[in-house]
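A.B. asks: Structure incoming, see below.
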Amino acid sequence: MHPVETASRTLPRLERVEHLIDQVERVFHGRRDTVRLALVTLLARGHLLVEDVPGVGKTTLARGLARALGLDFQRVQFTADLLPSDVVGVAVFNPHTATFETRQGPIFAHVLLADEINRAPPRTQSGLLQAMQERQATIDGRTLPLPEPFLVLATQNPFESHGAYPLPESQLDRFLMRITIGYPDPEAERRILLEGGAVEDRLAQLQPILDRQEVLDLQQRVEDVHVAEDISSYLLEIVRRTRSHPAIALGASPRAAVGLLAAARAWALVDGRDFVVPEDVRHLAVPCLSHRILGSGGLPGVDREAVSGLEEILTAVPAPL
């Protein structure tokens, strides 16, 4: 067993979660909060949409997280000619047995990187939508369960619309969080520059800090994190005010409130607590709600005016003591 992995097994599980984030940061430099948000999304049984320009490390984040968690990883480059069967799978006739055999697609993995998801046509999007919502996929009339845990980490470039299909609101709503990575700070970018093409080697050297069963156990523990009544009232007040703020034409849904609460519980657990505090809700409100509200400009998930309105709400709603 690798010495890093051996040392990590002697730590309590939640301390190993911090060690896991440290390991991913070895290849995804300088953005610890982003790694934590991705992990929280998985533990809350959600999916993550990363909107950013190419070359900021989205693929490295997904691969590093999957390796550190000991989970299967698949990547699909979404293009205009991508078919649902390219993602879900297909039934193929075997002339030797005179039967149809099911060949599962890349979606049957624990972590699926859907790269440039908005470049696939609506028909392909609908197949992915079923998998994200129901955690199962249909191949030639057969419905098969997806492996657990299951995380879709999707990427899209918000600044390029040529040859892209805007994600429908129903699919945006299936993502627990929408985040941006941004450019690294000078020191992190210096490390990236000096490493050059060594990223693949560093990814190959990452050892699992947790295993599949431990991830499932942590997902179960998220549901046991305590939420006081004043915390849930605080969260609901934030959600309700998105429905009446002048900069927001369409407010957050009850499903958005459920997602925010699940994310706050997972954040608390990763932080080593068995209870949610107001700061958990405040920290996660924008990544959990911004893509689920429609601004007065009519652009779901990208309306800066609506995001500003959400930030005003967070400032205006008093946090419980």
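A.B. asks: I'd like the residue in the range 155-183 that is of a type in the set (D, E, K, R) and assigned to a loop (DSSP other than H, G, I, E, B) and, out of all such residues, is least open to solvent (accessible area, probe 1.4 Å).
C.D. replies: So, considering only residues that are of a type in the set (D, E, K, R) and assigned to a loop (DSSP other than H, G, I, E, B), the one least open to solvent (accessible area, probe 1.4 Å) is ASP173.
A.B. asks: Please give the number of the condition ASP230 fails out of (1) over 20 Å from the mean Cα position of the chain (by Cα); (2) closer than 18 Å to SER170 by Cα.
C.D. replies: Among (1) over 20 Å from the mean Cα position of the chain (by Cα); (2) closer than 18 Å to SER170 by Cα, ASP230 violates only (2).
Residue-wise test of (1) aromatic (Phe, Trp, Tyr); (2) within 10 Å of the chain's Cα centre (by Cα).
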| residue | (1), (2) |
| --- | --- |
| GLU148 | no, no |
| ALA154 | no, yes |
| ALA164 | no, no |
| TYR183 | yes, no |
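A.B. asks: Taking the range 86-102 only, how many residues are open to solvent by 70 Å² or more (accessible area, probe 1.4 Å) and modelled with pLDDT of 90 or more?
C.D. replies: Of the residues in the range 86-102, 1 are open to solvent by 70 Å² or more (accessible area, probe 1.4 Å) and modelled with pLDDT of 90 or more.
A.B. asks: Among the residues of the range 137-149, is any open to solvent by 20 Å² or more (accessible area, probe 1.4 Å), closer than 28 Å to VAL215 by Cα and touching a Pro at 6+ places or on another chain (Cβ under 9 Å)?
C.D. replies: no
The rows are residues; the columns are (1) of a type outside the set (Phe, Trp, Tyr); (2) modelled with pLDDT under 90.
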{"site": "GLU169", "(1), (2)": "yes, yes"}
{"site": "ARG178", "(1), (2)": "yes, no"}
{"site": "LEU203", "(1), (2)": "yes, yes"}
{"site": "GLN213", "(1), (2)": "yes, no"}
{"site": "LEU216", "(1), (2)": "yes, no"}
{"site": "GLN219", "(1), (2)": "yes, no"}
{"site": "ALA228", "(1), (2)": "yes, no"}
{"site": "TYR234", "(1), (2)": "no, no"}
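A.B. asks: Show the residue pairs that are 6+ apart or on different chains and have beta-carbon atoms under 8 Å apart, the first residue being within the range 142-154 and assigned to a strand (DSSP E or B), the second being of a type in the set (S, T, N, Q) and open to solvent by 10 Å² or more (accessible area, probe 1.4 Å).
C.D. replies: Here the result reads ARG142/THR102; THR143/GLN136; LEU144/THR102; LEU144/GLN104; LEU144/GLN136; LEU144/THR138; PRO145/GLN136, each pair linking the range 142-154 to a residue that is of a type in the set (S, T, N, Q) and open to solvent by 10 Å² or more (accessible area, probe 1.4 Å).
A.B. asks: Pick out, from the range 236-321, the helices (runs of 4 or more DSSP H) lying fully within it that include 2 or more residues that are farther than 27 Å from VAL17 by Cα.
C.D. replies: Hits in the range 236-321: 254-270, 304-316.
A.B. asks: Show me the helices (runs of 4 or more DSSP H) entirely contained within the range 5-108 in which 1 or more residues are at positive phi, among the charged types (D, E, K, R) and touching a helix residue (DSSP H, G or I) at 6+ places or on another chain (Cβ under 8 Å).
C.D. replies: Values: elements: 13-25, 32-43, 58-69, 84-88.
Those helices (runs of 4 or more DSSP H) do not exist here; none qualify.
A.B. asks: Still on this structure: Answer yes or no as to whether PRO12 is closer than 28 Å to ALA256 by Cβ and either open to solvent by 10 Å² or more (accessible area, probe 1.4 Å) or modelled with pLDDT of 90 or more (or both).
C.D. replies: no
A.B. asks: Quick check on the range 298-313. Is at least one of its residues open to solvent by 10 Å² or more (accessible area, probe 1.4 Å), farther than 30 Å from PRO166 by Cβ and either at pLDDT 95 or above or charged (D, E, K, R) (or both)? Spell out the reasoning first.
C.D. replies: Within the range 298-313, the first condition is being open to solvent by 10 Å² or more (accessible area, probe 1.4 Å), and the residues that meet it are 298-300, 302-305, 307-308, 311-312.
Then drop every residue that is not farther than 30 Å from PRO166 by Cβ, which leaves none.
Looking through the range 298-313, none of the residues is open to solvent by 10 Å² or more (accessible area, probe 1.4 Å), farther than 30 Å from PRO166 by Cβ and either at pLDDT 95 or above or charged (D, E, K, R) (or both).
A.B. asks: Please determine whether any residue of the range 303-321 is closer than 30 Å to GLU148 by Cβ and either more than 21 Å from the chain's Cα centre (by Cα) or not aliphatic (A, V, I, L, M) (or both).
C.D. replies: Within the range 303-321 (the criterion being closer than 30 Å to GLU148 by Cβ and either more than 21 Å from the chain's Cα centre (by Cα) or not aliphatic (A, V, I, L, M) (or both)), the answer is no, since none of the residues qualifies.
A.B. asks: From the set of residues in the range 47-64 that are at pLDDT 90 or above and in contact with a strand residue (DSSP E or B) (Cβ under 7 Å, 6 or more places away or on another chain), which is most open to solvent (accessible area, probe 1.4 Å)?
C.D. replies: The extreme case among them is ARG63.
The values are calculated or read from the model by the stated rules, or taken from the named source; none is laboratory data. Being a predicted model, the structure only gives us computed values, none of them experimental. Counting neighbours? That spans all protein chains shown, and the Cβs are built from the backbone with ideal geometry, glycine included. The protein model used for the area step is the full one, side chains on, heavy atoms only, and it has no ligands, DNA or RNA in it. Shrake-Rupley method; radii C 1.70, N 1.55, O 1.52, S 1.80 Å.
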